[in-house]
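Inspection log for the structure reproduced underneath, given as structure tokens.
Bear in mind that the values in this text are calculations on the coordinates, not laboratory data. If you're wondering where the values come from, they're calculated on a predicted model, not measured in any experiment. Cβ coordinates were reconstructed from backbone atoms using ideal geometry, including for glycine residues, and neighbour counts include every protein chain displayed.
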Amino acid sequence: MAKIIDVKGRRVWDSRGRPTVEAEVIVGRGATPLAAGRAIAPAGASTGSGEARSLEATAAVKNINTVIRDALRALSVADQAAIDARLIGVDGTPDKHRLGANAMVAVSLACAQADAAAQKIPLWKKFAGNRRVALPVPQIQIYGGGAHARGRVDVQDYMVICNGAGSFAEALEWTAQIYAAAGARLAKRGLLAGVADEGGYWPAFKSNEEPLAELVGAIADAGLEPGVDAAIALDIAATQLYRGGRYHLALENRSLTGSELHAMLVGWLERYPIVSLEDPFAEHDAAAMRAFTQAAGDRVQIVGDDFFVTAAARVKDAEGACNAVLLKPNQVGTVTETLACLEAARAAGYRAIVSARSGETEDVSIVHLAVGWGVGQLKVGSFARSERMAKWNEGLRIEEALGARALPFPARKLFKISSA
Ligand code: PGA
Ligand code: ZN
């Protein structure tokens with residue numbers, strides 16, 4: 001059984017050019033190094049207030065090189081639960097502010113990588129064991145907005161889900177066509193103005209609804225049938241819009257009550273082929289979230305991101321507020337706690353989506369979590385910028401390696417095909 005010999009922290013840079021934390025874990029038998037694993041912490045911009053706290057990168061790196069290194073040396077690298085319990089115990093705070101969630105998540109994932117390397121298996125296989133697995137269905141951003149585009153439009157993510165695709169590779173082929181078509185439409189109108197933080201087009205639109213019509217147009221321009229081949233997913237990230245009990249749509253110069261927002265979203269569901277809505281209401285507006293899920297939850301996936309912050313306890317207490325959970329390991333700090341949240345979601349009958357952050361890197365560990373844990377969906381931003389493409393491309397490699405051993409790609413099952 002390989003043991004942890006050394007843990008190193010390193011200050012590296014993320015996709016927004018901001019410092020972040022890399023951890024490297026070296027494992028061996030006795031003092032002889034056998035394998036190593038590496039992981040980098042991502043960073044959010046539209047963070048939920050309940051998220052675990054990250055430290056400034058230099059302070060987090062120092063913690064890795066001192067107290068974390070001392071705490072983990074000689075532990076068995078295969079025992080992820082024990083490693084994560086040790087990290088949680090040494091941190092000793094409810095919000096991880098002593099060690100820093102960025103330090104903890106980088107180390108937790110790097111241990112998993114090192115164990116897979118020592119066992120000479122891919123990371124997804126460490127999590128899957130002998131269970132058969134499928135590739136997750138991608139949610140891919142076409143226009144970025146909200147906190148990722150200086151509030152240019154209020155809604156944060158306008159995404160596609162290729163619900164008619166028969167494989168991960170086919171979903172990416174179709175998304176490439178839709179992304180190109182969406183860009184061509186903007187260029188034709190003289191509105192092409194670069195990309196937002198996750199690689200989606202900069203949203204040069206006059207209303208929050210206009211991108212929905214544009215997206216339907218782009219799907220059709222790509223030669224696909226809206227709602228049948230490719231449908232729409234939105235992240236409203238409504239916590240960002242909520243002040244004084246109202247939802248502020250700065251682009252449209254108006255603010256809505258919870259019930260007005262509810263009515264607006266129901267209208268969108270009637271007019272556009274939307275199959276998933278994330279954080280349609282604010283993290284502190286649980287009653288509105290619950291009412292919306294009661295009204296629309298049988299037609300559409302309703303995802304809690306800021307609302308759950310990957311916390312198993314919040315999912316257990318949700319009482320039907322959503323019907324799906326976003327899983328972001330750095331919101332909670334460790335692999336084991338992320339898995340606990342997935343298990344809570346499954347116990348509640350909720351779906352799950354593994355997600356990246358708006359600040360990302362070349363690290364592809366989360367793709368392996370999604371595959372290995374059998375999570376049906378994956379959200380890592382748009383179809384541009386290599387911190388995003390690295391993850392889509394990793395999915396392609398895994399799909400190829402699985403070949404005929406893969407379970408069927410779950411897109412058609414998860415998102416029932418219906419004409420728009
Ligand atoms: P963040 O946004 O990474 O900036 O928090 C992603 C999301 O809201 O899903
Ligand atoms: Zn979100």
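Remarks
- Within the shell of other residues whose beta carbon sits under 12 angstrom from the beta carbon of Ile219, the net charge comes to -3, with Lys and Arg scored +1 and Asp and Glu -1.
- Percent RCO, i.e. relative contact order, over the chain, from Cα pairs under 8 Å lying at least 6 residues apart: 20 percent
- Projecting the Cα atoms of His368, Ala344, Gly333 onto the charge dipole of the range 333-402 (Cβ charges, centred on the Cα centre) puts Ala344 farthest toward the positive pole.
- Once the Kirkwood radius over Cα pairs is known for the range 282-340, the Stokes-Einstein relation at 37 °C and 0.692 mPa s delivers a diffusion coefficient of 281 µm²/s.
- Choice from Ala101, Ala296, Ala345 showing the highest fluctuation, given a GNM over the chain with Cα pairs closer than 10 Å: Ala296
- Residue of Ile366, Ile161, Ile398 that the Gaussian network model of the chain assigns the largest fluctuation, springs spanning Cα pairs under 10 Å: Ile398
- For the chain, built as a Gaussian network whose Cα springs stay under 10 Å, the top-fluctuating residue of Asn323, Asn63, Asn253: Asn253
- Comparing the range 313-399 with the 2.2 N^0.38 Å rule of thumb, its C-alpha radius of gyration ratio is 1.10 (two decimals).
- This ranking places Ser54, Ser207, Ser108 by how few other beta-carbon atoms lie within 10 Å of each, fewest first, which gives Ser207, Ser54, Ser108.
- With Cα atoms, 0 to 90° folded angle of helix 101-119 axis to the chain main axis: 70 degrees
- Restraint check, Lys328/Lys391; Lys62/Lys126; Lys316/Lys379; Lys3/Lys120; Lys120/Lys379, Cα-Cα greater than 19 Å: Lys62/Lys126; Lys316/Lys379; Lys120/Lys379
- Against the chain, whose longest principal axis is taken from its Cα atoms, helix 258-271 shows a tilt of about 80°.
- In a reduced charge model with +1 at each Lys and Arg Cβ and -1 at each Asp and Glu Cβ, the chain shows a dipole moment near 880 debye about its Cα centre.
- Binned Cα-Cα distances of the range 123-179, short to long, each 5 Å bin given as a whole percent: 4, 18, 18, 13, 15, 15, 10, 5, 2, 0
- Counting only alpha carbon atoms, the long axis of helix 80-91 and the longest principal axis of the chain meet at about 90°.
- Computed on the Cα atoms alone, the convex hull of the range 35-180 gives a volume of 162 cubic angstrom per residue.
- Taking other Cβ atoms within 10 Å as a rough exposure proxy, Ser49, Ser386, Ser255 sort from fewest to most as Ser49, Ser386, Ser255.
- Residue-count net charge about Gly30 - beta-carbon cut-off 14 Å; Lys, Arg +1, Asp, Glu -1: +2
- DSSP-defined beta bridges in the range 231-319 - what % are antiparallel, rounded to 5: 40 percent
- Considering only beta bridges that DSSP places wholly inside the range 137-414, some 40 percent are antiparallel.
- Rg and Dmax over the alpha-carbon atoms of the chain stand at 20.8, 65 Å.
- Long-range Cα-Cα pairs in the range 3-120 (distance over 25 Å), rounded percent: 18 percent
- Listed by chain and number, the aspartates and glutamates whose C-alpha is less than 17 Å from the C-alpha of Lys206, apart from same-chain residues fewer than 8 away, are Asp154, Asp157, Glu214, Glu252.
- For the pair the range 130-197 and the range 21-63, the centres of their Cα atoms are 29 angstrom apart.
- Charging the Cβ of each Asp and Glu at -1 and of each Lys and Arg at +1, and nothing else, the dipole of the range 343-396 about its Cα centre rounds to 240 debye.
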